[in-house]
1. Give me the pairs: first residue in region B:25-39 and of a type in the set (Gly, Ala, Ser), second residue at pLDDT 80 or above and surrounded by fewer than 18 Cβ atoms within 10 Å (Cβ to Cβ), beta-carbon distance under 7 Å, and six or more apart or on different chains, which are they?
2. Examine region B:256-270 for a residue that is part of a strand (DSSP E or B) and under 19 Å from the mean Cα position of the chain (by Cα), and state whether such a residue exists.
3. Which residue out of A:Ser262, A:Ser295 is in contact (Cβ under 8 Å) with a residue 12 or more places away in the chain and under 17 Å from A:Gln157 (Cβ atoms)?
4. Among the listed residues A:Asn138, A:Asn185, identify the single one that is in a strand (DSSP E or B) and farther than 25 Å from A:Lys300 by Cβ.
5. Going residue by residue through region B:108-129, is there one that turns out to be over 20 Å from the mean Cα position of the chain (by Cα), more than 8 Å from every other protein chain (Cβ to nearest Cβ) and small (Gly, Ala, Ser)?
6. Suppose we keep only residues that are under 21 Å from the mean Cα position of the chain (by Cα) and not in a strand (DSSP E or B) within region B:271-298. Which one would you say is surrounded by the most Cβ atoms within 10 Å (Cβ to Cβ)?
7. Taking the residues in region A:158-214 that are in contact with a strand residue (DSSP E or B) (Cβ under 6 Å, 6 or more places away or on another chain) and among the polar types (S, T, N, Q) as candidates, determine which candidate is farthest from A:Leu230 (Cα to Cα).
Protein chains: 2
Amino acid sequence: MEQFLKDIGEHEFISRFLRKNLPASGIVQGIGDDCAVLDFSENEYLLVTSDMMVEDRHFTRSWFSMSQIGRKLVEINVSDIHSMGGKASYGFLSVAFPGTMRAEESNSFFTGLYESADRHDLQLAGGDTTENDKIIVNLTLLGHVEKKRLQLRSGCQDGDLLCVTGTLGKSAAGLALFLAGQSGNKSGYLEPQARSYSDALTISLYATSMIDISDGLASEACHLARHSGLQFNIRQNDIPLSDETKKSASLLKADPIEWALSGGEDYELLFTLPPQKLDTLKKQFSDFSCIGRASKGVAKVCLETDSGQREISKGYEHFKTQAKK
Amino acid sequence: MEQFLKDIGEHEFISRFLRKNLPASGIVQGIGDDCAVLDFSENEYLLVTSDMMVEDRHFTRSWFSMSQIGRKLVEINVSDIHSMGGKASYGFLSVAFPGTMRAEESNSFFTGLYESADRHDLQLAGGDTTENDKIIVNLTLLGHVEKKRLQLRSGCQDGDLLCVTGTLGKSAAGLALFLAGQSGNKSGYLEPQARSYSDALTISLYATSMIDISDGLASEACHLARHSGLQFNIRQNDIPLSDETKKSASLLKADPIEWALSGGEDYELLFTLPPQKLDTLKKQFSDFSCIGRASKGVAKVCLETDSGQREISKGYEHFKTQAKK
């Protein structure tokens, strides 16, 4: 039977085709983490990440301003570097814009892009420009991390706490408000912000594994569980939600926990922490919640609710599902 | 008056928006050469280049096989690294494919991509996948070059010879055959090949500046002239054309010199050479032609023909002109 990409799904697609050449010399970590990790110098790894945003798939121009598109492109990429404990340093941008775009709009895109780049002390060092009827932007970031500070998806130990920065479901809340045609706080969706390098660096002193939340808590926790071969139990009541998110959920009669679990695009940091490091980290950085714990068992993620425990599935996957606008 | 990108053109677009943050620490050469040059270690520079290919702009699926698209993406990027005298080492690929694409076609794309990657001893180390109705692929390459071997667009001296590898107009010939609905040798268009690292390395021992021919001889020679502040005179009769290209031109009643000057996508290396180095280079690498000379004067490029001399204008520019398919 003929197979199409929509039948295969993104993860199978990646594992079928992109892993072919690995492992190779100099590649410490290839495809399969937030960034590629390259061994370039004695004390530091070079980190490289790349994210593409396509109009009407990752954003729609009726909802996003051009400067929001520019900012989001930087933030989602910077978040990948920070999630490895690294510092983003240089950006390489490919843009395809329509020839009929007003120069002012293009200007606005770069204003947003540079706002975020400046905020993260990131230099734009190269790129490519072409023309297309829809906007397509791709950013590749180079970063660096001290070898001993590198955070991978693997590394979690039996008994470690599962922790997450900030609050979750903000982005999904904004999207749900748009889809329902309701007003409310949509900034989590329109203007996601990567956690600062300073936050990531502090966490990386004590964490055993880390990932950023781009695809939803359930999916990201599954990555950590699979890479460490442990079972994660998440306590539903401890998942951090903002008052704004709860308010939007109440307005829309939606479940904010569902947004947190599978909405994605919150760009908070999910990490595992030995229990004895909890107090020390809390003294240096406190904007995080402990939401669960790792234990020996089959690699999976379970949600503990007032009514019992259930295994939770993966989040959003490309090719298999419909676009989120 | 309102301005659109199609009024501004690519070069103005780049200079308006992308140069903002330069120069910055660690960036030896930012936007404005084939690659960005970063100062990462004592003896070597890190080179980074990025090229995006969009369906129906850079290729059409009725003409290109999926494996040809994969190969071309690698070759055009590798050519940028080689044109700086560098060795390509790691690739980061972003792909947007339609969900309705057959898995076999996607497989074929990666087969072509890895064929070229293997040929150039290049490892694919990361990337991003998403879905789009049209195919969009972006490759970012990292490479490295010994500091003393770095070739820039600037560096040419008064009296240097202008030289070019191989033959020109091959790609434009293939495209012209397609557009005319004629059969013939279209491989220069469908399967361009970057010059090998070995060729580029040998040339870089003696050259004073170098660039690869992606936009046509006229445009690339203008870049070298502008960056060195010299006038280049090109002898039309010395522009190298293959017999195949002449045959196609004859069939189509077209001017093959026009293809060489403004067709582009030949991915040969254009370089400047002190006259006293000519014999030495010829002994080590001979597949090149001397087509002109640099002299003091206004930075421009002139073509010397049997009937006189004329200034030649720039080649293809994005936004301002129609797509080449």
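The values are calculated or read from the model by the stated rules, or taken from the named source; none is laboratory data. Bear in mind the structure is a predicted one, so any value in this text is a computation, not a measurement. Virtual Cβ from ideal backbone geometry, glycine too; neighbours counted across all protein chains shown.
1. B:Gly26/B:Asp39
2. The answer is yes; a qualifying residue exists.
3. Numbers: A:Ser262 fails: under 17 Å from A:Gln157 (Cβ atoms).
Of the residues listed, the single one that is in contact (Cβ under 8 Å) with a residue 12 or more places away in the chain and under 17 Å from A:Gln157 (Cβ atoms) is A:Ser295.
4. Numbers: A:Asn185 fails: in a strand (DSSP E or B).
The match here is A:Asn138.
5. yes
6. Residue satisfying both the conditions and the ranking: B:Phe285.
7. Only one residue tops the list, namely A:Thr165.
Okay, residues lined up against (1) more than 9 Å from chain A (Cβ to nearest Cβ); (2) at pLDDT 75 or above; (3) surrounded by 16 or more Cβ atoms within 10 Å (Cβ to Cβ); (4) more than 30 Å from B:Lys134 (Cβ to Cβ):
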site: B:Gly9; (1), (2), (3), (4): yes, no, yes, no
site: B:Phe17; (1), (2), (3), (4): no, no, yes, no
site: B:Val28; (1), (2), (3), (4): yes, yes, yes, yes
site: B:Asp33; (1), (2), (3), (4): no, no, yes, no
site: B:Leu38; (1), (2), (3), (4): no, yes, yes, yes
